[in-house]
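Some notes on the structure that comes next.
Laboratory data are not the source of any read-out in this text; all were calculated from the coordinates shown. All values reported here derive from a predicted model rather than from experimental measurement. Backbone-built Cβ (ideal geometry, glycine too); neighbour counts: all protein chains shown.
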């Protein structure tokens, strides 16, 4: 069995979004693009229907399905970073051009998709001897600061 693949519903900009995500993440690539074969409500023959792409080995499918559904925070993608430079880089790229910072390392990109940009060792910091202190420090942050989290963790 193949692993589950995230399937993302966009109004009409699935290909633009896929190109954006492939440009943000290293070791990523575009895959097949299929088009609507005939006029469909909300689409014309030849419009992009489905886009396949891969981010760091994880396959995704994006659909231009129209305006019926929007992204919300109930689904997000976690990006575990090895250092502050990675956190800063992904934060900057994903909030560019209309993305919005959230709290505790969460953000929404310009397409409304939620991401969590976190240190790879965040779980260890939160479950250590000063986990409550670390969690309190985390709750005050938007973009996460590894040094401050490590200081709080003791």
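For region 83-154, I need the span (max minus min coordinate) of the C-alpha atoms along each principal axis, in Å, sorted largest to smallest.
39, 20, 15 Å, listed from the longest principal axis down.
Which residues does a label at residue 96 reach in region 1-29, if reach means a backbone N under 20 Å from a point 7 Å past the Cα toward the Cβ?
Only 13-29 pass the distance filter.
What residue among 28, 56, 114 has the largest mean-square fluctuation in a Gaussian network model of the chain, using Cα springs under 10 Å?
Fluctuation is largest for 56.
Rounded to the nearest 0.05, what FRET efficiency do residue 82 and residue 23 give with R0 = 22 Å and r taken as the Cβ-Cβ distance? Could you check? Don't skip to the end; give the middle numbers.
Working: r = 20 Å, r/R0 = 0.93.
Once rounded, the FRET efficiency stands at 0.60.
If you take every DSSP beta bridge fully contained in region 76-153, what fraction is antiparallel? Give it as a percent rounded to 5. Spell out each step's value before the answer.
On the way: 5 of 11 bridges.
About 45 percent, rounded to the nearest 5.
For the chain, set up a Gaussian network in which alpha carbons nearer than 10 Å are linked by springs, and say which option among 29, 44, 52 fluctuates the most.
Maximum among the listed residues: 44.
Restricting the count to DSSP beta bridges whose residues both fall in the chain, what percent are antiparallel, rounded to a multiple of 5?
Numbers: 18 of 28 bridges.
Of those bridges, close to 65 percent are antiparallel.
Once the Cβ-Cβ distance between residue 30 and residue 104 is put in as r, and R0 is 25 Å, what FRET efficiency do you end up with, to the nearest 0.05? The partial results should precede the final answer.
On the way: r = 31 Å, r/R0 = 1.26.
Efficiency, rounded to the nearest 0.05: 0.20.
May I ask you to work out the translational diffusion coefficient for the chain at 10 °C, viscosity 1.306 mPa s, via Stokes-Einstein with Rh from the Kirkwood sum over Cα pairs, reported in whole µm²/s?
94
Can you give me the relative contact order of the chain as a percent, contacts being Cα pairs under 8 Å and 6 or more apart? Mind dumping the intermediate values first?
On the way: 286 pairs, mean separation 29.0, N = 154.
The value is 19 percent.
Most mobile of 60, 69, 20 per a Gaussian network model of the chain (Cα springs, under 10 Å)?
Comparing 60, 69, 20 in the GNM, the peak value goes to 69.
Quick check: pseudo-label points 7 Å beyond the Cα along Cα→Cβ at residue 89 and residue 121, how many nm apart are they?
2.0
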